[in-house]
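The values are calculated or read from the model by the stated rules, or taken from the named source; none is laboratory data. Just so it is clear, the structure is predicted and the values come from calculations on it, not from any experiment. Here the Cβ positions follow ideal geometry from the backbone for every residue, glycine too, while neighbour counts run over all protein chains shown.
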Amino acid sequence: MAARTSSRGTGSTASGAWTEADPVIELKNAHVIHTSRTGSLFKPDTVHAVNDVSLTVRRGETLGLVGESGCGKSTTARVMVGLQPLTKGEVYFKGKRIGHSAADRKALGRSVSVVFQDPATALNPRMIVHDTLIDPLNVHGVGSPKEREARVRDLLHLVGLPPSALDVLPRQISGGQRQRVAIARALALDPDIIVADEPTSALDVSVRAQVLNLLQDLKATLGLGLVFISHDINTVRYVSDKIAVMYYGRILEMNTTAEIFNNPQENYTKTLLSAVPSLLEG
């Protein structure tokens, strides 16, 4: 079957119009440098949070981004979703280099969604689930009011929650159910890519596998691309087609999941493989 040309794509690739076989997001030699509070007044110290990172994310594949806390994973994720500007380098969205215009941010926001680590803080505690899910549809003017209501119910069904969940506040449901609501909200605008930043680390062991299986099912059903970020390489293995290992802002190696586990090239990767217990094991 030929790849479909996206009606939302505004850029082009070298071969012509963007298709679903092409990268949705591409980082080229991306750098993010933060000024720290240390150093002198006129020469403060800097932190190279993202250091010459290049990667692509396509629909239908899962990229696992793994490394210890502070290695630049979350900053890279923020770059992908348009929340963090680059100090140097380029970001391409569907073949088009993007900047900081409102139009670029809106297009990227519709196509690339994010699921944060802790649903307890990611969801508005004063909004019932219905309002949480319909809000992005209202903001982006998606469909008629009747179509938006139908979409909200479809979203609940996709993540395995009953219709009765529409009328509850986040504090009235479990952590796993809150994360399902957060995933449903991320799906509201029919994105191409979901960036999941440590989406199971705040959950009980008993529900982590359920959330991972849900993300896998959604990827298969909807043809989504996923960026799965974690400090646990064994959990990343569970969901990823390829893995990028980060250390001090750099990608040390990137390969298929099988190659990373069977033939790691870097000593740091070998250390991760031998030393980190799976989050699924508690």
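Of note:
- Scope the range 72-84; condition without any contact (Cβ under 8 Å) to a residue 40 or more places away in the chain and out of contact with any Gly (no Cβ under 7 Å at 6 or more places or on another chain); matching residues: Arg78, Leu83
- Residue that is surrounded by the fewest Cβ atoms within 10 Å (Cβ to Cβ) [pool: residues in the range 265-282 that are of a type in the set (Ser, Thr, Tyr) and at pLDDT 55 or above]: Ser274
- Test set (1) surrounded by fewer than 20 Cβ atoms within 10 Å (Cβ to Cβ); (2) at pLDDT 95 or above; (3) touching an Asp or Glu at 6+ places or on another chain (Cβ under 6 Å) - Thr38 fails condition number: (2)
- Residue selection: Gly225 fails the criterion of being surrounded by 18 or more Cβ atoms within 10 Å (Cβ to Cβ), touching a helix residue (DSSP H, G or I) at 6+ places or on another chain (Cβ under 9 Å), over 24 Å from Lys94 (Cα atoms) and not aliphatic (A, V, I, L, M).
- Considering residues of the range 95-145 that are among the β-branched types (Val, Ile, Thr) and either crowded, with 20+ Cβ neighbours inside 10 Å or touching a residue at least 60 places away in the same chain (Cβ under 8 Å) (or both) only, the residue farthest from Thr19 (Cα to Cα): Val129
- For Gly143, the criteria (1) assigned to a loop (DSSP other than H, G, I, E, B); (2) within 20 Å of the chain's Cα centre (by Cα) hold in every case but one, which is (2).
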